[in-house]
Structure formats: structure tokens, C-alpha cells
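Participant: Encoded as C-alpha cells, here's the structure I'll be asking about.
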């Protein structure tokens, strides 16, 4: 049995004000644009990584109007390396809807925020709580861990009814008074506890403000929680990429389709296998081909084994796999501004600016 809701919330708020994180760049603001941007970036991404992207993004797009007016390519280019690129596309769409539907002002309720692209229930609640003091519960990964352990909640979160039950119990623990002050501190406190104290494998129960009321701590097995029996299976894929350069050292990049891996990003042309890639080249281009050592790119639920073949192409060597409305030759000064998958950007950077082949 945990402490009553008001006491639970008060402990979290008091701990956050004394021991929580206070120096993150998105904390000293109630600007919903900045809070929204940080929440989207922090989905599936470590704080340390976001700390370098967040200020660069704000420098280029300081408000929702500038983001809404941007080209998608510019947004994807600035997002390049953060992964989960659908977030960037939804971010751009969301900014445009804020401008068109709400006159450039973010709605103030979690219910309305949740109608915008890319803003789910927990993100909507976080924005509403941080910026407007709304009494709304968040339930991201860190908070699920804190609450299931504190409550001894053993329901399988892979089952929708158990997930809904946890939402209900999370709402019951929210602060009830002085919401404009307590809701931001409570929401941040739960995030901070999950990130720094109630960690996945080695929780620091001795310094947790909830320890004496925490069911999991009392049981001595906090890592039993949360319970989720159905896991997304890891998969593996092999990609063959053609790194084509012309006599000027430019590289051919084509925009990926709107669905599938690296959707809407610029990329080296993909082939099903090495034989198909080589067969797409003319004899002269094939004679120049160089196979690079394959490398593995690890995604959350998939491992990509990437093989790259470099070849020098003459104007007459272009094939149907290269030509198209959304592809072109880019110089070393031009391609860094494109939205590129992180492994492709790293590969191109490793090739340098000069020619790959002797004249």
C-alpha cells in the first residue's frame, strides 16, 4: 500500500525541488513550443544526445511559425542523426497545424494537444502539465517503471486493460492543490526518479523518497516491475548501397519513398543484393567498383548489415536505378545540408571531399 495520493505527490514534488534535475535547457521555460520540441526529441533518445540537437534546432527554428514555414528537407537535415525520422515529419506537420488550426498558439489542454500530429497521450499531458499546470498524468517508460514498482502493479502492460488500469491509477496520484506550481514539479520529479534513481537494472532504493512505501522495494525485487510479456522481436536486414561518384567527385543521392526504412530521407541507392547492384552498372562502372567492409547499424528492434559498393560513373553510365525526379548529384558542400540517415552521413564523411578514384 502506497501513501495516500496527496502524500505521494508531495514526496515527489519535495524530492524534485531538492534533488531533481534543474539545469536542462528546456526546464526554465513554460513556452509550449520549447517544451513540445524537447518532449518529441526525448522520445527514444538519450538526454545527452538531445542536449546537442536541441539548441541547434532552436537556433534555426526559434518558434512554431518558423518551423511551420520551413521546407521538410531543412527539418529532416537538422534532425539527421537523431533517428526515428517520423518524429521530424510529424513535428513539421504539427507546427503547420498549430498555425492553421490554432492561430500559432498551442492549445492549453492535453485533450486538444492530443489531436495534433505526433503528440500522444503522455506527451500531450507533459506539455499541458509543464506549461499550463493542467492536472494530467504522464506515462512514459521511466514513469511506468516508477509507478509499477511503487504500487506493486503486476499487471502485464502488454495487455490493453492493464495499461488502462495503470493510467487510471497514475491519474489518482496527481497533486490536487496549487497545480500551477506542483504539476510541473511532480511531472518532472517522476521523470527524474526514473532516469536517475529508479533505473531499469540497478535502482538506488536507499535514496528514493518513495522507498518506505514502495511495494517493489519491500519485496526486495524491484526489477520484477514493470511486467510486459510481449516483446517486439529483433529482426535483421541486409542492405546493399551504391556509392556512385562522377568525374567531379559529386555523389548521387536519391530520396527514399514515403514508406519503409529511412522514409523521405536522401540516401545512396538501395539494392536487394550485391549481384543486383553490380548488374545495374555498365561494364566500365563495374570495373571501377570497390567493395567496402560491411558494417552493422543497430536500430531499436532491427540490426542492419550494410554493404557499400563505390563506383565511378560517367554521364552515360546512369541507369534507371539512379535517374528519377527526386535524385541528383551533390557536392561535398551540398550533401551535408540534406536529411540523411546517420550511417550514410558517417560513411560519406569518412570518404572525404576528394576523388575516390584516380583519374
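Participant: Cut-off 10 angstrom, C-alpha nodes, Gaussian network model of the chain. Which of 183, 99, 191 fluctuates the most?
Facilitator: Among 183, 99, 191, the largest mean-square fluctuation in the Gaussian network model of the chain belongs to 99.
Participant: With springs connecting C-alpha atoms under 10 Å apart, model the chain as a Gaussian network and identify which of 345, 30, 228 has the largest mean-square fluctuation.
Facilitator: Answer for the Gaussian network model of the chain: 228.
Participant: What is the helix-to-structure angle for 141-151, meaning the angle in degrees between its Cα long axis and the longest Cα principal axis of the chain, kept from 0 to 90 and rounded to the nearest 10?
Facilitator: Computed tilt is about 30 degrees.
Participant: Return one number: the angle in degrees, 0 to 90 and rounded to the nearest 10, between the long axis of the Cα atoms of helix 160-172 and the longest principal axis of the Cα atoms of the chain.
Facilitator: That works out to roughly 50 degrees.
Participant: May I pose another question? Sort the range 1-128 into rounded, prolate or oblate with this rule: let a ≥ b ≥ c be the square roots of the eigenvalues of the Cα gyration tensor; rounded if a/c is under 1.5, and if a/c is not under 1.5, prolate when a/b is larger than b/c, oblate otherwise.
Facilitator: prolate
Participant: Using Cα atoms only, what is the angle between the long axis of helix 47-60 and the major principal axis of the chain, expressed in degrees (0 to 90) to the nearest 10?
Facilitator: On a 0 to 90 degree scale, this one is about 70.
Participant: Which one, 65, 124, 284, has the greatest fluctuation when you compute a Gaussian network model over the chain with C-alpha springs under 10 angstrom?
Facilitator: 284
Participant: When DSSP beta bridges are limited to those with both residues in the chain, what percentage is antiparallel, rounded to the nearest 5?
Facilitator: Bridges in the chain are about 55 percent antiparallel.
Participant: Taking square-rooted eigenvalues a ≥ b ≥ c of the alpha carbon gyration tensor, is the range 103-240 rounded, prolate or oblate, where a/c under 1.5 means rounded and, failing that, a/b exceeding b/c means prolate?
Facilitator: Here the range 103-240 falls in the oblate category.
Just so you know, all these numbers are worked out from the coordinates, no wet-lab data involved. Please read all numbers here as calculations on a predicted model, not as lab measurements.
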